[in-house]
Amino acid sequence: MLKTLRALNAAGVLGINERNSQYVMRCNPRRLYPLVDNKVATKSLALAAEMAVPELYGVVSSQADARQLGDIIGERDSFVIKPACGSGGDGIVVIDGRRKGRFRSIGGRLIALDELTHHVSNIVGGQYSLTGAPDSAIVEYCVRFDPLFEQLSFRGVPDIRVVVYRGYPAMAMVRLPTQASDGKANLHQGAVGTGIDLATGHTLGGVQGNARIDEHPDTGFPIAGVAVPSWSFILESAARCFDVTGLGYLGVDMVIDRDLGPLILELNARPGLNIQIANGAGLRPRLDRIDAAADPALDAETRVAFSVAEFGVGT
């Protein structure tokens, strides 16, 4: 065990205790957490900065409002319901069609409006919130994935996570939905994590759980070598989130809609560390390099150029 810990430390792998004490607590003032812990606040912040986000259809903030869910949905046959203060993908329901008066989830299950209303009521009651406190349910636009990812996803929409430190993109990955994850881009539920070369925007090898994989487990399509569209724009948008929030260490989650292009999905003040496994590299050397040479006062484009030059594969 000690030998393994020493090997991980030598490889620059960042552990959760070090992440919390040296980066999250030091770089993220607690007063700023509500900007990213509440998805409604995050959406408002991004819109004020003229950054694209999925359209908000409505917010349910009380048990009485839950009965109005049918009015919020209207005639829409696709939408997403999620907790405003949830985490880890828990409580998210993605609807991509209707059939015989019921709604079809991306997993293929048919759900009645009463069941959706009950789920929203549970969200409002705090079942999925970070602290267990009463919450709000968001009903928003259901992203349609770019055709590029059709062979790299099981039903759901892949998302892109960029870890940004002091305004500089440090590492990125794309999370690919699988049958095991029920079409959700959540690594803890069985999605595939795939590293991305910051310099080129091309995908690297993949990982599912703790196993390295070369092909998507459901489609058999090779994971590496896929060029992520609008890569420079994605990196600059992620870097700008530092300017918008004031958080020095954060995860920026984005999706690429087939019609609307890149959209900011959510921000995270305590981004997980599986991104290191997906990239086959430790975060600490990159964070140290940023501390040694970077200037957070520079504009986002210049900060991105630094990251691309320093952290691209082979550099």
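The values are calculated or read from the model by the stated rules, or taken from the named source; none is laboratory data. On a predicted model such as this, the values are computed, not experimentally measured, just so you know. Note that each Cβ is placed from the backbone with ideal geometry, even for glycine, and that neighbours are counted across all protein chains shown. Each accessible area value is taken on the protein alone, full model and side chains, heavy atoms only, with ligands, DNA and RNA left out. Shrake-Rupley method; radii C 1.70, N 1.55, O 1.52, S 1.80 Å.
Counting lysine pairs in the chain whose alpha carbons fall under 23 angstrom apart, excluding pairs fewer than 8 residues apart on the same chain, gives 5. Of the residues Val36, Thr200, Val157, the one whose Cα sits farthest toward the positive end of the charge dipole of the chain, with +1 on the Cβ of Lys and Arg and -1 on the Cβ of Asp and Glu, is Val36. So, with a 1.4 angstrom probe, what is the percent of accessible area on the range 53-143 that is carbon and sulfur? Summing carbon and sulfur atoms, their accessible area is 46 percent of the total for the range 53-143. Accessible surface ranking for Val40, Val143, 1.4 angstrom probe, highest first: Val40, Val143. Taking every protein chain into account, the accessible area of the chain amounts to 44 square angstrom per residue (probe 1.4 Å).
Protein-only accessible surface at a 1.4 angstrom probe places the residues Tyr33, Tyr141 in the order Tyr141, Tyr33, largest first. Taking every DSSP helix (H) stretch of at least 4 residues in the chain, weighting each as -39,500 (n - 2.57) and dividing the sum by the residue count yields a mean residue ellipticity at 222 nm of -7500 deg cm²/dmol. With a cut-off of 15 Å between beta carbons, the residues surrounding Asn20 carry a summed charge of +4, where Lys and Arg count +1 and Asp and Glu -1. Would you mind telling me which residue in Arg258, Arg155, Arg144 has the biggest mean-square fluctuation in a Gaussian network model of the chain, where springs connect alpha carbons within a distance under 10 angstrom? Maximum fluctuation in the GNM of the chain, among the listed residues, is at Arg258.
Using only the C-alpha atoms, the convex hull of the chain corresponds to 135 Å³ per residue. Its Cα gyration tensor gives the range 153-239 an equivalent ellipsoid; the semi-axes, largest first and in whole Å, are 22, 13, 11. Computed in the context of the full set of protein chains, the accessible area of the range 171-233 at 1.4 Å probe radius has 51% of its extent on carbon or sulfur. Treating each Cα of the range 37-102 as one equal point scatterer and applying the Debye formula with no solvent, the log10 of I(q)/I(0) at q = 0.19 Å⁻¹ comes out as -0.90.
Positive end of the dipole of the chain (Cβ unit charges, origin at the Cα centre): among Gly108, Met51, Ile264, the Cα lying farthest that way belongs to Gly108. In terms of accessible area, using a 1.4 Å probe and ignoring ligands and nucleic acids, Asp214, Asp96 rank largest first as Asp214, Asp96. Using heavy atoms of the protein chains and a probe of 1.4 Å, the accessible area assigned to Thr131 is about 120 Å². Ordering of 20-28, 172-180 by packing is 172-180, 20-28, highest average first (other Cβ atoms within 10 Å, averaged per residue).
Accessible surface of Val53, taken over heavy atoms with a 1.4 Å probe and every protein chain present, rounds to 20 Å². What does the charge dipole of the range 45-183 about its Cα centre add up to, to the nearest 20 debye, if the Cβ of each Lys and Arg holds +1 and the Cβ of each Asp and Glu holds -1? Roughly 320 debye for the range 45-183.
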